[in-house]
Amino acid sequence: MKKLILLLFIPFIALSQPQIHNDIELNGPKGFIKISDTDFTWEKGSESVTVKPMKFIFSKEEKETLLKQEARGLTFLFSQTVDYDSGPIKVAVFKTTTIDNKTVFVGKCLEDREGYTYLIMPSSTCVGDETYTPTGSDRTLGQASITQLFYITGYMAERIRTY
């Protein structure tokens with residue numbers, strides 16, 4: 001019986017375990033599952049988040065340039081500063097289309113702490129036509145995906161700032 005109970009808890013413990021970088025406890029939002037022990041990436045359904053630590057600090061001007069910099073296949077849409085408990089967080093939003101014509105929104109945020117800059121990159125795949133507004137909703141499916149980017153980014157930025 002003890003072995004059975006242990007076997008039931010091992011997956012929960014392994015999947016919910018945070019990763020540590022520079023004494024910062026990084027962990028994905030509730031329901032996100034760590035997908036690798038070698039990098040800082042978590043997934044949940046059609047959403048994911050990756051955090052990349054870099055051993056240097058960018059100036060404010062460099063951050064502005066980097067946040068808006070497009071990559072292959074990514075189109076910059078807008079950037080916005082959002083107030084969170086620990087202060088304002090600036091998020092850049094990009095859009096791309098997959099081979100099977102799904103719209104994916106990708107966010108970019110740069111957070112500094114103790115000599116490191118952390119690049120937070122969440123993504124959210126829009127399930128359906130991004131311009132469609134479901135009955136009873138005040139947002140399109142695309143707007144809902146972008147809202148998720150802000151939620152994921154805010155969660156990860158707060159962890160970097162406070163844990």
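Nothing in this text is a laboratory measurement; each read-out follows from the coordinates by a stated rule. Please read these numbers as outputs of a predicted model, since none were measured by experiment. Cβ coordinates were reconstructed from backbone atoms using ideal geometry, including for glycine residues, and neighbour counts include every protein chain displayed.
Structure summary
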quantity	calculated
Karplus-derived HN-Hα couplings along segment 103-115 (A = 6.51, B = -1.76, C = 1.60, θ = phi - 60°), whole Hz, x at Gly and Pro	8, 10, 9, 10, x, 9, 9, 10, 10, 9, 6, 6, x
Amide hydrogen neighbours beyond the local backbone of L77, cut-off 5 Å, H modeled	V93, F94, K95
Cβ-derived FRET efficiency at R0 25 Å, Y151 paired with I57, nearest 0.05	0.45
Cα coordinate range in segment 2-162, projected on the principal axes (Å, largest first)	52, 44, 32
Candidates S79, S48, S59, ranked by Gaussian network fluctuation over the chain, Cα under 10 Å, top entry	S59
Label-point gap, in nm, between S137 and I35 - each point 7 angstrom along Cα→Cβ	2.2
Proxy reagent accessibility, fewest Cβ within 10 Å first, across F105, F56, F150	F56, F150, F105
Least to most buried among L74, L149 (fewest other Cβ within 10 Å first)	L74, L149
Ellipticity estimate at 222 nm from DSSP helix runs (n ≥ 4, -39,500 (n - 2.57)) divided over the chain, nearest 500	-9500 deg cm²/dmol
Inter-part distance where segment 85-99 and segment 31-55 are each reduced to a Cα centre, Å	15
Magnitude of the charge dipole, the chain, Cβ model with Lys/Arg +1 and Asp/Glu -1, debye to 20	360
Pairs from K52/K90; K60/K102; K44/K68 whose Cα-Cα separation, in the structure shown, is over 24 Å	K60/K102; K44/K68
Cα principal axis extents for segment 51-123, largest first, Å	41, 25, 20
Length-normalised contact order of the chain in % [C-alpha pairs under 8 Å, at least 6 apart]	20
Under the span-like rule (Cα at least 20 Å along the axis, Kyte-Doolittle mean at least -1.0), DSSP H helices of the chain	2-16, 141-162
Relative contact order of segment 79-163, defined on C-alpha pairs under 8 angstrom at six or more residues apart (%)	25
Neighbour cut-off at most 15 other Cβ (10 Å), DSSP loop, GluC sites (Glu not before Pro), segment 86-145	E114
